Each structure stands twice: as C-alpha cells, then as structure tokens.
Amino acid sequence: METYYYSQFNHAVVHVALFDDVTNAAAIRSRIVQAARNLSVDGNTEREAVNFAFIDARLISSPLHLQTAIYQALLSQAQGQLRTKTVHSEILWALNPTNNITEAIRRYGVSDESTTLIVVRVDVSNTPDLQRRMCDITQGRMVPFQALGQMTNWSIIKKHYKLDSESALKEVQGNLDRERSIIDNIVVSSVAMKNVMA
C-alpha cells in the first residue's frame, strides 16, 4: 500500500493499494449499491465499510494518471465543487474523458468481471487498520504498485479516449514503448485539464 500526503488540501492523506486476482468484484459492487440505497443507521456503517474508490486497474496508464485524478478530486472538494456525491466517486469522474458520471462509474469503477483493482481511500488522517480493511473487502492479492504496468489494457484506454486516429500515435506505430508513453501523456493531460474544460 502506498500513502500520499497533500498538506495543501486540509492535510489529506490518500492510501492506494493495488490488488490482482480479485475474486469478489461482484460482491464489492453489490455492497456499494446496497450501502448507497440503505439510509438507516446500518446503511451508515456499511457506507463507511465501503468508503473507498474501487478503480479498474486495467484503465490506469501510470501512477501519474491515478495521482492526477486524485489531485483533481481533492481540488474540487477543497473548492466545494464536487460534481459527484463523494471525493471517491469524483476520482472516477476525473478519470473518465467525458462528463457523464454514470459512465465514469461504469467504466472506471468496479464491475462484476473486475480481476484487478486499485483501492483508494482519501482521509484527513491515518486511519487505523486501513490496510486490513482493504484486504477484508477485496479478496485478492495486494501487489506492489510497480505491477500496474503489466495490468494496463492499452487498447481499452485508446478506445475510451478515442485515440485510434491520433496522428502522434501513427507516427510511432510499431514502437510500443513510445506509443504507450504518448498515450500516457495524452491521458494524464486530459485528466489534468478536465476541471478547466468542464
């Protein structure tokens, strides 16, 4: 698990864990939906239990891509301009190239078929037993964040960002490393500019 500190945002602490071989994605998704619908005291407890951003790791091109989305969500929260209900869903919205919140959650959030997940928790202090809580919810192997590169599905990223006709990619066709670097640059820039353009 990695931890990032953002002192400029009310001393926010962001914990990020990468999971592989996830076997309970459908159950996680179901818990999130049920927690959102349950307005009782039990619902509050369940909402706190799943108070994370669950992100499909295949759609993240680099750690900078994720960190940029986290930063944009924290910035929106600090300015009182969240477009979604929580900072965690705002991260998903920031990752999506369009402004459609439902589409962002469907594309970038946990789906029934997800086998790789990035679990993110934004807080104002270090939460006790957070890693254990992440592992209790996510049945899979927590792996070092360096493994993200092997999980990324570049063709899906290109599809979501409509990069198939991108001239910069055509110029480097056949050079996989250069192509991926260009895709990452475009995606990170898109996330960074989204709040300005929205």
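The values are calculated or read from the model by the stated rules, or taken from the named source; none is laboratory data. Since the structure is predicted, the reported quantities are computational estimates derived from the model, not experimental observations. Note that we place each Cβ from the backbone using ideal geometry, even for glycine, and neighbour counts take in every protein chain shown. Keep in mind that these areas ignore ligands, DNA and RNA; they rest on the heavy atoms of the full protein, side chains included. Shrake-Rupley method; radii C 1.70, N 1.55, O 1.52, S 1.80 Å.
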Original post:
Sequence-distant or interchain residues sharing an amide H contact under 5 Å with Ala12, placed H: which?
Top reply: Tyr6
Original post:
Between rounded, prolate and oblate, where does the range 17-129 land on the alpha carbon gyration tensor, with a ≥ b ≥ c its root eigenvalues, rounded for a/c under 1.5, else prolate if a/b exceeds b/c?
Top reply: rounded
**OP:** State in Å² the accessible area per residue of the range 88-198; use a 1.4 Å probe, count heavy atoms of protein chains only, and round to the nearest integer.
**Re:** 53 Å²
Subject >> ³J(HN,Hα), Karplus 6.51/-1.76/1.60, whole Hz, each residue of the range 134-141, x for Gly, Pro >> reply: 4, 5, 5, 7, 9, 7, x, 9
**OP:** Using the Karplus curve 6.51 cos²θ - 1.76 cosθ + 1.60 with θ = phi - 60°, work out ³J(HN,Hα) for each residue of the range 166-175 in order, rounded to whole Hz, and write x for Gly and Pro.
**Re:** 5, 5, 4, 6, 5, 5, 10, 3, x, 9
**OP:** For Tyr161, tell me the accessible area in Å² from a 1.4 Å probe, rounded to the nearest 10.
**Re:** 30 Å²
Original post:
Based on the Cβ-Cβ distance of Val196 and Asp21, what FRET efficiency does E = 1/(1 + (r/R0)^6) give at R0 = 41 Å, to the nearest 0.05?
Top reply: 0.60
Original post:
By how many nm would the segment from Arg178 to Met142 grow when fully extended, if each residue of separation counts as 0.36 nm and the alpha-carbon distance is taken off?
Top reply: 10.1 nm
**OP:** Work through the residues other than Ile183 whose Cβ is under 9 Å from its Cβ and net out their charges, Lys, Arg +1 and Asp, Glu -1.
**Re:** -1
Original post:
Accessible area of Phe52, 1.4 Å probe, to the nearest 10 Å²?
Top reply: 10 Å²
Original post:
Counting only protein heavy atoms, what percent of the accessible surface of the chain is carbon or sulfur at a 1.4 Å probe?
Top reply: 49 percent
**OP:** Search the structure for amide H atoms under 5 Å from the amide H of Gly109, placed 1.01 Å from N in the peptide plane, and list their residues when 5 or more places away or on another chain.
**Re:** Asp56
Subject >> Gain in span if fully extended, Ala49 to Gln131, counting 0.36 nm per residue against the direct Cα distance >> reply: 28.3 nm
Original post:
Of [x] 1.08; [y] 1.01; [z] 1.69, which one was derived for Cα Rg over 2.2 N^0.38 Å from the structure shown?
Top reply: [y]
**OP:** Let me have the relative contact order for the chain, percent, based on Cα pairs under 8 Å that are six or more residues apart.
**Re:** 34 percent
Subject >> Whole-Hz couplings from phi, Karplus 6.51/-1.76/1.60, listed for the range 11-27; x for Gly and Pro >> reply: 6, 5, 10, 10, 10, 10, 10, 10, 10, 10, 6, 6, 10, 10, 4, 4, 5
